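Structure record follows, encoded as structure tokens.
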2 protein chains.
Amino acid sequence: MAAERFSIGEVATRTGLSVDTLRWFERERLLLRSVSRTSGGRRVYDTADLEWLHLINRLRTSGMPIARIREFAGLVRSGPGNEAERLAVLVEHEQAVQVRIAELAEHLAVIQEKVRIYGEHVLAGTAAGLWAPVAGND
Amino acid sequence: MAAERFSIGEVATRTGLSVDTLRWFERERLLLRSVSRTSGGRRVYDTADLEWLHLINRLRTSGMPIARIREFAGLVRSGPGNEAERLAVLVEHEQAVQVRIAELAEHLAVIQEKVRIYGEHVLAGTAAGLWAPVAGND
DNA sequence: GTACGATCTGGAGTGCACTCCAGCTCAAGG
DNA sequence: CCTTGAGCTGGAGTGCACTCCAGATCGTAC
């Protein structure tokens, strides 16, 4: 219980998102419902809002497009009965992240190899000719 | 030797980049020099061009911004004497990729945990209440 | 009651990385 | 020759994800 309430500024601080981005998320229907307001019209976020924001921020920073997050939010918003669909979205994204990590690992290996070879030549002062603009052309 | 020559279409096929993107890379000065031409004005890429394209495509798909690739190309283009700077660009990117992989791995772990828990509930038919729009509010 | 920082709305603007287009030329096959 | 597909240029357009206003209001501290 003890439902905590946060201003948009506090939520921005806690999530690392900007105030503008938080309002934009809402307009884009990424939240489960429109945030409640004070009598004066200011947004009041509760703990559940904050948790949801942390989740979709994680999805977002791990590469899920906003449109897909909107779909996911739509599924959750429409209540029970579509849990399998929600799960499918998560599983698909899980796989996408795994693929991305594998790609990055391969890129990293190649870059590290280049760094190693290039670094040795730089140390030895014999780097000339590596990616030289006119390397060995007649 | 046996300097192979490729049309822009062949290069597109081999790199996975579109013909438009290849021309755009050139305009953006990401290449080591402007590609040579046939008498009729068509671009002719050689093996070195292709190798360079593979490298910068790797940098690009692993998250290096185009502006940074342009800087790197500029260093290489300006000939010998700045190898340490070139190496620094690569090392910085290597670290950026490592950071990104670590971030993604953390996101993946959280998502996998959610998939696991959510999947169990879906299987058991008791998913209601997970991210329900009004879960447990008074 | 006043100052002032936070928040409000609707809409315009930005940055990045392409992508598409019109109108044209080139080159290989029949 | 003629057709047809690939390639050419310069410039405009697109998609995504924010980001930044202007002009007004709210609310807490003095």
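Just so it is clear, none of the values below were taken in a lab; they were calculated from the coordinates. Remember, predicted model here, so these are calculated numbers, not experimental data. Cβ coordinates were reconstructed from backbone atoms using ideal geometry, including for glycine residues, and neighbour counts include every protein chain displayed.
Here A:THR13 yields copy-to-copy label distances, from shortest upward, of 6.0 nm, the label point defined as 7 Å from Cα along Cα to C-beta. Axis between B and A by rotation; chain B residue with nearest Cβ and distance in whole Å recorded as B:ILE101, 3.
Count charges around A:SER36 for me, please; just the other residues with Cβ under 11 Å from its Cβ, Lys/Arg as +1, Asp/Glu as -1. My count for the surroundings of A:SER36 gives +3. Sorted shortest first, the separations between the B:SER39 label point and its copies elsewhere in the assembly read 8.8 nm; each point sits 7 Å from Cα along the Cα-to-Cβ line. Using a 7 Å projection from Cα along Cα-to-Cβ, the label point at A:GLU120 is separated from the same position in the remaining copies by 5.1 nm, smallest value first. Each other residue within a Cβ distance under 14 Å of B:LYS114 adds +1 if Lys or Arg and -1 if Asp or Glu, for a net charge of -4. Each Lys or Arg adds one and each Asp or Glu takes one away; over the other residues whose Cβ falls under 10 Å from the Cβ of A:ILE69, this sums to +2.
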